[in-house]
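The structure appears below as C-alpha cells.
Taken together, the values in this text are just the output of simple stated rules run on the coordinates, not laboratory data. Note that this is a predicted model, so its numbers are computed, not measured. So basically every Cβ, Gly included, is an ideal-geometry build from the backbone, and we count neighbours across all protein chains shown.
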Amino acid sequence: EAGVTQFPSHSVIEKGQTVTLRCDPISGHDNLYWYRRVMGKEIKFLLHFVKESKQDESGMPNNRFLAERTGGTYSTLKVQPAELEDSGVYFCASSHLTSGGYEQYFGPGTRLTVT
Amino acid sequence: RKEVEQDPGPFNVPEGATVAFNCTYSNSASQSFFWYRQDCRKEPKLLMSVYSSGNEDGRFTAQLNRASQYISLLIRDSKLSDSATYLCVVRGTSYGKLTFGQGTILTVHP
C-alpha cells in the first residue's frame with residue numbers, strides 16, 4: 001500500500017511569489033491534515049479535512065494560506081504571497097475515518113525556503 | 001506556556017543503556033496520547049500509543065498519569081538504531097488534531 005506522498009520535496013522561492021504544495025493521502029483515507037514545522041519550533045497543526053470539507057482550520061496562520069481538497073482525494077496548500085517566516089517543513093498526514101483518526105500517517109514533507 | 005512540553009535533550013547514551021523521556025501537557029481535556037519517532041529529515045512515525053494502565057512494546061514502555069498530566073517513555077537496552085528525535089504528542093478535544101512537543105533528541109553511541 002502506498003503511503004502519503006507530497007510534492008515537491010523541496011521548494012525555494014522568493015518573497016512575494018506563490019507556491020502550491022500537494023498532498024496525496026493513503027487511498028481510502030477520508031481524514032487529511034496539514035502540519036508545519038518552522039525551524040527551532042515544534043510541529044504545528046494547520047488544518048484538517050474530512051473528505052472535501054474543512055473540519056478544523058484553526059491553525060492556519062493567515063489568509064495568505066489557502067487549502068483545498070476538491071473531490072475529497074488529494075489536497076493542495078497554496079501560499080500567496082510567500083513571506084520569509086513561511087519557511088519550514090510542511091507535512092501532510094492522513095487517517096481512516098472510521099478509526100476516529102487514531103493513527104495519522106505522515107508524508108515525507110515539503111521543505112519550503114522563502115528567500 | 002506550551003501545550004506539550006518536553007526536555008529537548010540531547011540525550012547521549014551508550015548502547016545497552018536505559019533512558020527515560022518525560023513530557024507534560026496543559027490541556028486536562030486531552031483524550032489520546034502518543035509517542036512518535038522522527039529520524040533526521042524524515043516524517044514522524046507512530047512509535048506507540050500511551051494508556052493510563054501503561055503499555056509495553058518490546059524494549060519500550062510508555063506511561064500516562066492523567067492526574068499529573070504527565071507522559072513518559074522508557075527505552076531499555078538502547079540500540080544504535082534508536083537514535084532519533086522522540087516526539088510527545090497529544091490529541092485534544094478537537095477531532096483528529098495532534099499537538100506536538102518540541103521533541104527530545106536521543107543519540108545512542110557504541
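Quick notes on this one:
- A straight line joining the Cα centroids of the range A:7-45 and the range A:46-65 runs 12 Å.
- Taken residue by residue and averaged, Cβ atoms of other chains lying within 10 Å of the Cβ of B:38-50 number 3.
- Charge tally in the Cβ shell below 11 Å around residue B:29, where Lys, Arg are +1 and Asp, Glu are -1, residue B:29 excluded: +2
- Selection among B:103, B:84, B:60 by position relative to the dipole of the range B:46-110 gives B:103 as farthest towards the positive end (Cβ unit charges, Cα centre).
- The Cα center of the range B:27-64 and the Cα center of the range B:67-110 differ in position by 6 Å.
- Bridgeable lysines around residue B:2 (alpha carbons under 30 Å apart, same-chain partners fewer than 8 residues away excluded): A:15, A:41, A:44, A:54, A:78, B:42, B:45, B:97.
- Interatomic Cα distance distribution for chain A, bins of 5 angstrom, percent: 2, 13, 24, 27, 19, 10, 4, 1, 0
- Contact order normalised by residue count of the range A:18-115, Cα under 8 Å, 6+ apart, percent: 33
- Residue B:5 sits among other residues whose Cβ lies under 15 Å from its own Cβ, and their net charge, with Lys and Arg +1 and Asp and Glu -1, is +1.
- Percent breakdown of C-alpha pair distances by 5 Å bin, ordered from the shortest bin, for chain B: 2, 13, 24, 25, 19, 10, 4, 1, 0
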